[in-house]
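*Asks:* Okay, handing you the structure first.
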Amino acid sequence: MLSNLAPFLVQWAITALALWVASHIFKGLKFDSTGALVISALLLGFANAIVKPLLIVLTLPLTLLTFGLFLLVINALMILLVAALVRGFRVSGFWTALFASLFVSILSLLIGAFVSGPDPAMQIQMPQGPGTWL
């Protein structure tokens with residue numbers, strides 16, 4: 001149980017940092033306090049883990065019809081949902097949420113790539129010792 005806590009806390013911090021940077025770039029994204037930022041990052045993580053997969057399944061025909069572009073709308077809806085639930089987090093509109101969700105996703109991916117080390121499960125194991133190479 002505790003071995004899963006560290007990656008969770010790191011991802012939470014990365015999301016909070018990405019949201020903070022996004023709030024300085026997008027004028028329509030505002031946090032009243034640091035507490036609102038931290039709670040928003042936590043709630044966004046939970047929404048992405050629980051609500052987003054349900055929305056993806058429910059809107060699968062629309063997602064397939066738009067060649068996956070509807071997933072961007074779902075990401076924006078996750079930010080709007082969190083803004084509706086957290087007092088002190090405001091988003092001015094859908095387009096701000098859409099562009100902010102793209103920015104937060106890309107920045108989180110980049111920061112996560114630098115923070116986390118190589119995944120041992122993703123490494124190719126080379127055979128050791130003498131053998132035949134195909």
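Computed from the coordinates by the stated procedures, all read-outs in this text should not be read as laboratory data. Only a predicted model underlies this, so the values are computations on that prediction, with no experimental measurement involved. Because the Cβ atoms are built from the backbone with ideal geometry, glycine has one as well, and the counts that use them run over all protein chains shown.
*Asks:* Given R₀ = 25 Å, what would the calculated FRET efficiency be for residue 102 paired with residue 62, taking r from the Cβ atoms and rounding to 0.05?
*Replies:* 0.85
*Asks:* By how many degrees, 0 to 90 and rounded to 10, does the Cα axis of helix 94-115 deviate from the longest principal axis of the chain?
*Replies:* Helix 94-115 sits at roughly 30 degrees to that axis.
*Asks:* Mind checking the alpha-carbon convex hull of the chain and giving the volume per residue in Å³? Each step should come with its number before you reach the end.
*Replies:* On the way: hull volume 23.2 nm³, N = 134.
Looking at the chain, the number lands at 173 Å³ per residue.
*Asks:* Working out 0.36 nm times the residue gap between residue 33 and residue 87, then minus their Cα-Cα distance, what length gain in nm do you get to one decimal? Could you put the intermediate results ahead of the total?
*Replies:* Working: separation 54, 0.36 × 54 = 19.44 nm, distance 0.97 nm.
Here the answer is 18.5 nm.
*Asks:* If you don't mind, there's one more thing I want to ask. With n ≥ 4 as the cut-off for DSSP H runs, can you work out [θ] at 222 nm for the chain, using -39500 (n - 2.57) per run divided by the number of residues, rounded to the nearest 500?
*Replies:* Working: 5 runs with 90 residues, N = 134.
Helix-only estimate at 222 nm: -22500 deg cm²/dmol.
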